[in-house]
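**Student:** Dropping the structure in here first, questions after.
The values are calculated or read from the model by the stated rules, or taken from the named source; none is laboratory data. These numbers were taken from a predicted model, which means no experiment stands behind them. FYI the Cβ positions are ideal-geometry reconstructions off the backbone, even for glycines, and counts take in every protein chain you see. Each accessible area value is taken on the protein alone, full model and side chains, heavy atoms only, with ligands, DNA and RNA left out. Shrake-Rupley method; radii C 1.70, N 1.55, O 1.52, S 1.80 Å.
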Amino acid sequence: MCGILGLVSKDPIDRGHAHAALDLIAHRGPDGDNSWHDSGDNVWLGHRRLSIIDLSHAGDQPMHSIDGRYVLIFNGEIYNYVELRNELIAAGVTFQSASDSEVVIEGYRAWGVGVLSKLNGMFAIALYDRSQRMMLCARDRYGEKPFLYTMRDRFFAFGSEYKALLALPGVPHDHDELRVVTETCQPGSSADRQRQTVFTAVEQLLPGEAMVVNCATLESKTWRYFDIDLTRQRSFANPKDAMAEFRDLFVDSVRIRMRSDVEVGSCLSGGLDSSAIVGAVRHLLGPDAVYHTFTGRFPGTPADEWHFAEQVVNASGVVSHVVEPTVDRFIADLPSFMWHNELPVGSSSQFAQWCVFHLAKQHKVTVLLDGQGADELMGGYEQYFAFYIRSLKARGETARLARELPEIERRYPAAQMDRAMRMKSAVPQRLRHALAHMLNRGSDIRFGLKSGYSEAVSEQRGRTDHGSGDPLRDALYEDSFERFLTTLLRYGDRNSMAHSREVRLPFCDHRLSEFVLSLPPELIMGDVQTKRPIREGLREFLPEAIATRWNKQGFRPPQDLWFTSPAFLELMQDTLTSTSFRQSEIWDQKWWLKVLDRIRGGDLGLGWNLWQPFIHEMWKQHFLKPATQGIEPKRLAA
């Protein structure tokens, strides 16, 4: 796990500027700072190392092949590197290190770009072929690791974070304000699902994409090396057979993600996903091995899930560590939090995640397993039942519909949009906006946008027909690989790497996604269950109260209660009355000041809405302005 930065130029490279940009992502790799420069070819590769596999200097990067032809910088982990290494050794390959990085190099030598399809891991790879003057760039299937790049007339540059690229001479700082606002109001809608990022000079490889760059001409070719055949469908005579196959795939996913030469622990929320991981870890390690878990708590509030997490702790015998994210800590950490996140974040849940990773750092646990990805792959939110019902109707499953629909409506009352919501969404946005301002009522975030932006920021980007013939399968695929999960993975990458922690996600194993997305809908959400494969296939790893816990609660602080804090209210007041906010071409200051008054009057639920203009302004203040003025991050993180 590391930070990477690379430059290919038609002109001589200023190594001083390159190193200064690399220093901006030092937090991603505190264990090593190395670079390689070919002045003849004008190629510079920089690497900040977080040592996980092969802690010796043999694992340092940039890594050179034994014959000197290939040079690699690589951010991430290849979990099946042991199997690939053994396959290559059997073919006569000799290795200089015990690292997964060298497996990438020798795998490319043996299989060419086909090596990408063999890798099970999270990665951003840049592999330079000196003899061909070609650079292979690739991003993992889910997009767990970022690969950002800029292609200018005279140079090509790439890196792990925006701040490093924006620090390079010749990279403009312009950004698309509408896309930033759209992403702020609707996280997952725009910043991570397109190759063009919110910064006009910066693009990104999308999940499962690769690119080859001719380092002499700077011509490039991009393609997708991974996708899922959504027309592939499997059937099982007995649902237990499907659940058993899922169980075996999941256990193996956890097993290979525990490979490490430093200590591995787990994030534990008390929800279904992280609890299943901890249970599987205990199964793999045996009853006596010491294993650490890290939990965020919010005592005395409905957001506190400790009652459930404690059951997992007691059942598995892990060593538990707990942190309580508070509004005062949020205010204190805000400059550093925004600097590291680089874009506005959807809610305070990202700060809770930030605190859990810091807790792991305090206890010197470098690698963490986490449950991210299960909700999007297996219908973890009750709103997915709308797609499930459509899928059953398309399949003519009338008997199952008649049996399950009443129970769905009872157990998951928000599963389908009610009549009032449908009527409201049918009213033109311009009219809704006018009525809200006239009556000083309403909670739609777009009511606080000025005319033009309010209409431009759509309610929700329409769903795509991916050709599977199954609405549920299409929705789960889109949310896993193109929409919400990709944004959540960006949050996880930035928050973990800010504290030099590596996060591994067992549910983001491509073998699991290929399997689940081949199942009929009833094996994913049938019998009125979200995430049926976890509840049934992994039942042995779960306390009964967790397996039968039907409500879904996201991991987030009691953000509404933060607005009872005088310090937080003062920060909000200062933000809304600042010169920057008053002169904003986007936000309607008068509307948001009225919203703040309504919150002071007791309507605390509006705090979730006020977060959006607030966090956008904090992004401008603590990331955009410093990044464009070249301010060192240590001045922000003090």
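**Student:** Return the distance in nm (one decimal) between the two label points of a simple spin-label model at L405 and R329, each offset 7 Å from Cα along Cα→Cβ.
**Tutor:** Label at L405, label at R329, 4.8 nm between them.
**Student:** Still on this model: Report the longest stretch of the chain that contains none of the chymotrypsin sites (Phe, Trp or Tyr not before Pro) sitting in a DSSP loop with at most 16 other Cβ atoms within 10 Å.
**Tutor:** Numbers: sites that count: F95, Y225, F236, W550.
Answer from the scan: 237-549.
**Student:** Which residues' amide hydrogens lie under 5 Å from the amide hydrogen of D31, considering only partners 5 or more residues apart or on another chain, with H built in the peptide plane?
**Tutor:** R49, L50, S51
**Student:** Tell me the volume per residue, in Å³, of the convex hull enclosing the alpha carbons of segment 1-122.
**Tutor:** It is 103 Å³ per residue.
**Student:** Consider the candidate values [x] 3, 10, 14, 16, 17, 14, 11, 9, 4, 1, 0, 0; [y] 3, 15, 26, 27, 19, 8, 1, 0; [z] 3, 11, 18, 21, 17, 13, 9, 5, 2, 1, 0, 0; state which one is P(r) over Cα pairs in 10 Å bins from 0, in percent computed from the structure displayed.
**Tutor:** The value matching this structure is [y].
**Student:** Starting from the Cα gyration tensor of segment 113-218, take the square roots of the eigenvalues, sort them a ≥ b ≥ c, and report rounded, prolate or oblate (rounded when a/c is under 1.5, otherwise prolate if a/b is larger than b/c, else oblate).
**Tutor:** Here segment 113-218 falls in the oblate category.
**Student:** Between Y291 and residues 5 or more places away or on another chain, which pairs have amide H atoms under 5 Å apart, with H built 1.01 Å from N, and which residues are they?
**Tutor:** Answer set, sorted by chain and number: V319.
**Student:** From zero outward in steps of 5 Å, how is the percent of C-alpha pairs of segment 487-552 spread across the bins?
**Tutor:** Spelled out per bin, shortest first, that is 3, 14, 18, 18, 18, 16, 10, 3, 1.
**Student:** How big is segment 173-244 by the Kirkwood estimate over distinct Cα pairs, in Å?
**Tutor:** Its Kirkwood hydrodynamic radius stands at 15.9 Å.
**Student:** Another question about this same structure. Can you sort R259, R539, R403 by 1.4 Å-probe accessible area, starting with the largest?
**Tutor:** Of R259, R539, R403, the descending order of accessible area is R403, R539, R259.
**Student:** Now, a different point. What is the distance, in nm, between label points placed 7 Å from the Cα along the Cα-to-Cβ direction at M134 and at A90?
**Tutor:** Going by the 7 Å Cα→Cβ label model, 2.8 nm.
**Student:** To continue, here is another question. Hey, what D do you get for segment 487-604 in µm²/s if you plug the Kirkwood alpha-carbon radius into Stokes-Einstein at 10 °C and 1.306 mPa s? Show your work: numbers first, answer last.
**Tutor:** Details: Rh = 19.1 Å.
Answer from the Stokes-Einstein relation: 83 µm²/s.
**Student:** On to the next question. Between beta-carbons, use under 13 Å as the cut-off and find the net charge around H466, counting Lys and Arg +1, Asp and Glu -1.
**Tutor:** -4
**Student:** Something else now. Can you list the lysines whose alpha carbon sits under 19 Å from that of K118, skipping same-chain ones fewer than 8 residues off?
**Tutor:** Counting by Cα, and skipping residues close in sequence, K118 has these lysines nearby: K145.
**Student:** Report, in whole Å, the centroid distance computed from the Cα atoms of segment 462-479 and segment 74-119.
**Tutor:** Value for the Cα centre distance between the two parts: 34 Å.
**Student:** Can you give the FRET efficiency for V319 and H57, using 1/(1 + (r/R0)^6), R0 = 35 Å, r = Cβ-Cβ distance, to the nearest 0.05?
**Tutor:** That gives a FRET efficiency of 0.65.
**Student:** Subtracting the Cα-Cα distance from 0.36 nm times the residue separation, let me have the gained length for A386 to V82 in nm, one decimal.
**Tutor:** Extra length from A386 to V82 when fully extended: 105.2 nm.
**Student:** Longest segment of the chain with no GluC sites (Glu not before Pro) in a DSSP loop having at most 15 other Cβ atoms within 10 Å?
**Tutor:** In short, 1-218.
**Student:** For a quick check of your reading of the filter: which trypsin sites (Lys or Arg not before Pro) in segment 192-247 sit in a DSSP loop and have no more than 14 other Cβ atoms within 10 Å?
**Tutor:** R195, R232, R234
**Student:** Moving on to the next point. In terms of modelled amide H atoms, which long-range or inter-chain residues lie less than 5 Å from the amide H of M134?
**Tutor:** D129, C215
**Student:** Moving to a separate point now. Check the straight Cα-Cα distances from K240 and name the aspartates and glutamates below 12 Å, setting aside those fewer than 8 residues away within the same chain.
**Tutor:** Hits, sequence-local ones excluded: E536.
**Student:** So, with +1 on the Cβ of K and R and -1 on the Cβ of D and E, and no other charges, what is the size of the charge dipole of segment 113-229 about its Cα centre, to the nearest 20 debye?
**Tutor:** So the magnitude is around 400 debye.
**Student:** What would the Debye equation give as log₁₀ I(q)/I(0) for segment 91-132 at q = 0.26, 0.28 Å⁻¹, counting only Cα atoms as equal point scatterers?
**Tutor:** Results for segment 91-132 at q = 0.26, 0.28 Å⁻¹ read -1.11, -1.23.
**Student:** Pull out a ≥ b ≥ c, the square roots of the eigenvalues of the alpha-carbon gyration tensor of segment 447-504, then state rounded if a/c is under 1.5, prolate if not and a/b is larger than b/c, and oblate in the remaining case.
**Tutor:** Taking the square roots of the gyration eigenvalues as a ≥ b ≥ c, segment 447-504 is oblate.
**Student:** How much FRET efficiency would the formula 1/(1 + (r/R0)^6) give for K393 and A26, where r is the Cβ-Cβ distance and R0 is 45 Å, rounded to 0.05?
**Tutor:** 0.25
**Student:** Efficiency by 1/(1 + (r/R0)^6): what FRET value for S235 and D603, r their Cβ-Cβ distance, R0 = 56 Å, to the nearest 0.05?
**Tutor:** Calculated value: 0.65.
**Student:** Spelling out what I want: for every residue of segment 529-538, take phi, set θ = phi - 60°, compute 6.51 cos²θ - 1.76 cosθ + 1.60 (Karplus), and round to whole Hz; glycine and proline get x.
**Tutor:** In residue order, the calculated couplings are 9, 6, 6, 4, x, 6, 4, 9, x, 10 Hz.
**Student:** Specify whether the C-alpha gyration tensor of segment 179-319 places it in the rounded, prolate or oblate class, a ≥ b ≥ c being the square roots of the eigenvalues: rounded for a/c under 1.5, otherwise prolate if a/b is larger than b/c and oblate if not.
**Tutor:** The shape class here is prolate.
**Student:** Convex hull over the alpha-carbon atoms of segment 53-109: what's its volume per residue in Å³?
**Tutor:** 74 Å³
**Student:** I want the local charge near I4. Using Cβ-Cβ distances under 11 Å, sum +1 for each Lys or Arg and -1 for each Asp or Glu among the other residues.
**Tutor:** Cβ neighbours under 11 Å give a net charge of +3.
**Student:** Take each uninterrupted DSSP H stretch in the chain, measure its Cα extent along the helix axis, and return the ones at 24 Å or beyond whose mean Kyte-Doolittle hydropathy is at least -1.0.
**Tutor:** Span-like helices in the chain: 239-256.
**Student:** How many percent of the accessible area of the chain is carbon or sulfur, using a 1.4 Å probe?
**Tutor:** 50 percent
**Student:** Oh, and also: Could you tally the net charge around L116, taking each other residue with its Cβ under 11 Å from the Cβ of L116, Lys/Arg +1 and Asp/Glu -1?
**Tutor:** So the environment of L116 carries a net charge of +2.
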